[in-house]
Amino acid sequence: QVQLVESGGGSVQAGGSLRLSCAVSGVIFSIKAMAWYRQAPGNQRELVATISSGDITSYADSVKGRFTISRDNAKNTVYLRMNSLKPEDTAVYYCRLATPPLVWGQGTQVTVSS
């Protein structure tokens, strides 16, 4: 079965950086588009970034220029590099396949203090 395991979250001050990782198993990773989402308390889960199997990327306007999504097909892992973090980036971050099966990982908490 498909499994996704996120890691790399933590607590940082505004302006800091983090790199999230998502290890994927149970699918042929290299042919799958991947996505990162986030959910802040009281908010709906929102799409943050996507990357296609051909490394074409897209970003939410709120993170453009600050976040970078990438992938390593040899490691079956997708990454989210987050720079210039803001308190409003505080959320649980999740990765997911961009196409079925639409399985969620457990998420990783990112907390940005001002």
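The values are calculated or read from the model by the stated rules, or taken from the named source; none is laboratory data. Just so it is clear, the model here is predicted, and its values are computed rather than measured. Backbone-built Cβ (ideal geometry, glycine too); neighbour counts: all protein chains shown. Accessible surface areas use protein heavy atoms only, side chains included; no ligands, DNA or RNA. Shrake-Rupley method; radii C 1.70, N 1.55, O 1.52, S 1.80 Å.
When D89, D55 are checked against the criterion of being open to solvent by less than 30 Å² (accessible area, probe 1.4 Å), of a type in the set (D, E, K, R) and in contact (Cβ under 8 Å) with a residue 12 or more places away in the chain, D89 stands alone in meeting it.
Of everything in the stretch 42-52 that's in contact with a strand residue (DSSP E or B) (Cβ under 9 Å, 6 or more places away or on another chain) and part of a loop (DSSP other than H, G, I, E, B), which residue is least open to solvent (accessible area, probe 1.4 Å)? Among them, the one singled out is S52. A count restricted to the stretch 20-41 and to residues that are open to solvent by less than 50 Å² (accessible area, probe 1.4 Å), modelled with pLDDT under 95 and among the aliphatic types (A, V, I, L, M) stands at 1. Among (1) outside any strand (DSSP E or B); (2) touching a residue at least 60 places away in the same chain (Cβ under 8 Å); (3) among the small types (G, A, S); (4) open to solvent by 50 Å² or more (accessible area, probe 1.4 Å), where does S11 come up short? Every condition holds for S11 apart from (1). Within the stretch 62-97, if we keep just the residues that are in a strand (DSSP E or B) and among the hydroxyl-bearing types (S, T, Y), the residue that is nearest to V112 (Cα to Cα) turns out to be Y93. Among the residues of the stretch 92-114, count how many are open to solvent by 60 Å² or more (accessible area, probe 1.4 Å) and in contact with a Ser or Thr (Cβ under 9 Å, 6 or more places away or on another chain). The total comes to 1.
Residues that are under 12 Å from the mean Cα position of the chain (by Cα) and within 18 Å of G10 (Cα to Cα) occur at least once in the stretch 42-55.
Residues checked against (1) free of Cβ contacts under 8 Å to residues at least 40 places away in the same chain; (2) under 22 Å from Q3 (Cα atoms); (3) more than 13 Å from the chain's Cα centre (by Cα):
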site	(1), (2), (3)
L20	no, yes, no
I28	yes, yes, yes
I31	yes, yes, yes
Q39	no, yes, no
S62	yes, no, yes
D72	yes, yes, yes
L85	no, no, yes
T99	no, yes, yes
S113	no, no, yes
